[in-house]
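Have a look at the structure below, then the notes.
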Amino acid sequence: MSAASTSIDPILLAEFVDESLEMLSSVDGLFVELEAAPTNLDLVQSIFRPVHSIKGNSAFFGCNKVKTLAHELENILDFMRKGKMAVKRDVISVLLEGVDELAQMLQRARAGEEEVVDETRFTAMVERAKSACADATTPVEAVAVVQKALAVLEDVYAEVVASESPWHVKMEMALNQLRTIKKAVQTVDAALGDAPEAAQAILRIVEQPFEGQLDAALASIVGENIKKLVEIAGDEEQKAIVAELNDTFETFVATVGFDSLVRDVVLEKVTALVGRGKWAGILERPAATGAQPAPQGELEKGAGHVDSQKTMRVSEAHIDTFLAYVGELLVLGDMFTYLQARLAGVQHSGNVAADFRRANESFATLSNNLQNSIMSIRKVPLRVLLQKVPRLVRDVTTANGKDIRVEVLGDDVEIDKSLLEVLDAPLTHMVRNAADHGIEMPDDRETAGKERQGLVRVLAQESSTDIILSIEDDGKGIDRDALRVKAESLGMIAPGQPLTQDDVIALLFRSGVSTAKTITDVSGRGVGMDVVRSNVEGAGGRITIDTDPGKGSTFAVHLPKSVTTQIINGFVVYCDSQPFVLPLDRVLETMQVGSHQIESVVGKGRCVIRHGEMLTVVSLHDALNCGRLEAGTRDGETLVAVQGQRGRYAIIVDTVLGVRKLVLKTIHGLQTCASFVTGAALMGDGTIALVLDLEDLLKTGTSRTSTTRNGKTPLPQVASCRSA
């Protein structure tokens with residue numbers, strides 16, 4: 001960044017960078033679409049718009065090198081949208097590289113760093129952008145081409161007429177069309193015929209003052225006519241005036257809308273064109289009129305109307321602080337429920353308990369509404385993240401010559417903004433793996449009886465508590481033999497050891513394990529999946545894998561719909577007086593069964609029959625390896641039926657409290673004796689409930705013996721956090 005940038009308000013700079021990056025985030029997908037439909041100039045215009053906007057605004061914030069590169073990219077896009085340059089794959093590659101560089105430069109500028117860290121690389125990038133314009137066709141070249149074609153065809157036409165061929169009529173019609181084209185392009189000044197109409201159209205709209213915002217349709221007409229003036233500007237003075245007018249118009253309308261200030265600027269600049277250069281005398285303003293506003297509905301139908309969809313930028317830190325207070329409010333509400341239960345047990349409480357209950361219910365409704373409304377502020381559509389998928393696959397196909405179709409479904413699912421960063425790396429890594437490792441080369445697919453074109457499908461879904469992002473491919477699946485050889489060579493498994501599905505999944509997440517035969521720019525080094533899993537699990541999520549050799553694989557990331565203050569609906573159970581939280585969406589039912597109904601089954605351990613289905617029984621005491629205080633005194637068991645990834649289970653607990661709204665808390669110094677205890681939640685009576693990872697619990701519970709232990713290991717306990 002230049003020295004001048006040090007005087008720029010960092011908040012304004014941050015807003016500019018955030019808006020610019022948001023605009024650029026959609027460009028990758030548009031380029032992939034353009035590559036498939038090179039004649040679609042609407043796509044070119046959609047890409048041109050954000051690049052032009054960044055170029056126009058960057059200099060104000062001292063980002064002069066951003067402006068330099070954006071200007072060169074804009075030139076390429078301008079040639080494309082005017083039909084002076086064909087849309088080709090190599091040119092799109094240059095544009096994509098340039099857009100990536102712009103994003104990195106903007107991020108560095110936001111952090112207060114230099115825009116460019118490698119001057120040589122930056123200069124080479126700018127030169128590549130300039131070179132890409134070498135094939136652009138100028139108006140003079142177009143005239144020469146048409147003249148040369150006409151000269152040849154005129155001679156041929158003369159011969160056809162002399163020979164009395166019946167084709168001379170059709171040829172004469174074609175020649176007349178070419179003559180018309182020649183006349184249109186031979187003199188560039190001929191386009192000036194549009195100048196009075198464009199200027200008059202602008203002046204007719206802006207000559208009258210108005211209140212509030214100009215109607216969107218009228219503002220669009222002004223913008224289109226300004227673009228006409230940009231295209232037909234003649235000398236340098238006219239170009240400078242019109243370019244400034246266009247930049248000002250686009251910048252202000254995109255930020256504050258078409259208000260009276262924009263109207264004054266447009267009026268001034270268009271008026272300044274009168275009498276200048278080739279336009280002298282042809283740009284005449286309409287007769288002057290009074291300063292009274294135009295009648296409502298004639299000039300501006302929407303004057304004074306307030307847009308109900310206006311947005312404002314709010315610091316995430318402010319929202320997080322607000323959510324923290326909401327969390328405390330919910331804990332307070334749970335305390336009311338606890339007190340209500342105690343009050344109901346007091347004799348002669350009369351109507352007080354009933355009134356307290358009604359007040360508590362109203363409080364719960366209000367706090368729920370408050371929670372839902374504030375959490376919706378943080379939500380953004382997954383489209384922001386998923387629109388990068390086509391570009392990721394394109395990079396792989398460009399590098400290795402594969403043919404892959406991309407499908408993106410569910411991009412309208414909304415998630416908390418903080419989860420975008422959590423999902424970004426897993427999505428990038430798994431999409432690249434699917435395209436690079438999963439999908440075979442076209443010839444190999446054809447030999448295997450498949451279509452030559454592979455498929456990578458990304459699907460986003462949501463449940464009541466989770467966001468599920470699936471990356472699916474129809475490739476060759478995971479090669480277990482190759483995985484075994486690699487694992488044996490690294491000493492991770494014994495030679496010849498058979499691999500179950502669980503073993504395959506476990507090995508894939510081990511650092512250094514890769515079945516790739518060659519190392520590419522995007523994958524094959526055996527790094528990534530272990531880090532991906534670590535990041536996902538650190539956010540309270542999990543990754544599942546389903547693979548079918550020869551048919552493909554599906555990787556799915558499950559993340560809780562959480563924010564900085566995590567408020568969840570949990571199912572609370574007790575084990576030796578300690579509360580634990582099970583995921584509510586996995587709980588099926590609770591039941592009381594006699595001890596004789598739980599029987600040992602060969603190969604499955606202890607089981608219970610429920611609704612005609614055999615459920616594997618897991619004891620929470622056994623999973624915690626802590627024994628039971630009341631061992632030998634019970635003639636029945638309390639079970640909670642849950643849905644695991646590999647079937648249904650029944651968990652033995654002491655008692656069930658039921659559904660509770662809980663606020664997850666970070667408890668420093670919390671030490672537990674079980675890996676499946678993943679966190680803690682504050683309850684209304686001031687105690688701390690331990691949050692369980694269901695899959696780890698089931699895995700641990702089924703591996704432990706089901707007999708009652710002689711010894712007893714204390715349960716993980718934390719101090720009470722009762723409010724004063």
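Every number here is computed from the coordinates shown, using simple stated rules; none is lab data. All values derive from a computational prediction rather than experimental measurement. Positions of Cβ are generated from backbone atoms using ideal geometry, with glycine treated the same way; all protein chains shown enter the neighbour counts.
Hey, fewest Cβ within 10 Å first, where do Lys417, Lys476 land in order?
If I rank by nearby Cβ atoms, fewest first, I get Lys417, Lys476.
Tally Lys/Arg at +1 and Asp/Glu at -1 over every other residue whose Cβ is under 12 Å from the Cβ of Asp28; what's the total?
Its environment carries a net charge of -2.
Do you know the relative contact order of the range 381-560, to the nearest whole percent, from alpha carbon pairs under 8 angstrom that are 6+ apart?
The normalised contact order for the range 381-560 reaches 23 percent.
If packing is taken as the average number of other Cβ atoms within 10 Å across a peptide's residues, how do 647-655, 603-611 rank, most packed first?
Per-residue mean Cβ counts within 10 Å order the peptides as 647-655, 603-611.
Let a ≥ b ≥ c be the square roots of the eigenvalues of the Cα gyration tensor of the range 1-124; is it rounded (a/c under 1.5), or, if not, prolate (a/b larger than b/c) or oblate?
Judged from the Cα gyration tensor, the range 1-124 comes out prolate (a/c at least 1.5, a/b above b/c).
Roughly how many Å is it from the Cα centre of the range 104-121 to that of the range 215-247, as a whole number?
So the two Cα centres are separated by 32 Å.
Quick one: net charge around Lys551, please, counting Lys, Arg +1 and Asp, Glu -1 for every other residue with C-beta under 11 Å from its C-beta.
-3
Taking neighbour Cβ counts within 10 Å as the exposure measure, how do Glu599, Glu115, Glu462 sort from fewest upward?
Ranked by crowding around the Cβ, least crowded first: Glu599, Glu462, Glu115.
For Phe60, Phe571, what ranking results if the residue with the fewest other Cβ atoms within 10 Å of its Cβ goes first?
Arranged by neighbour count, lowest to highest, Phe60, Phe571 become Phe60, Phe571.
If amide hydrogens are placed 1.01 Å from N in the peptide plane, which non-local residues have theirs closer than 5 Å to the one on Gly212?
Gly304
Would you mind counting up the charge near Phe61? Only other residues with Cβ under 13 Å from its Cβ, with Lys and Arg at +1 and Asp and Glu at -1.
0
Are any of the pairs Lys88/Lys476; Lys67/Lys269; Lys65/Lys88; Lys65/Lys227; Lys65/Lys402; Lys561/Lys604 more than 29 Å apart by Cα-Cα distance, and if so, which?
Distance filter (> 29 Å) returns Lys88/Lys476; Lys65/Lys402; Lys561/Lys604.
Can you give the FRET efficiency to the nearest 0.05 for Asp18 and Ala324, using r as the Cβ-Cβ distance and R₀ = 30 Å?
So the FRET efficiency works out to roughly 0.80.
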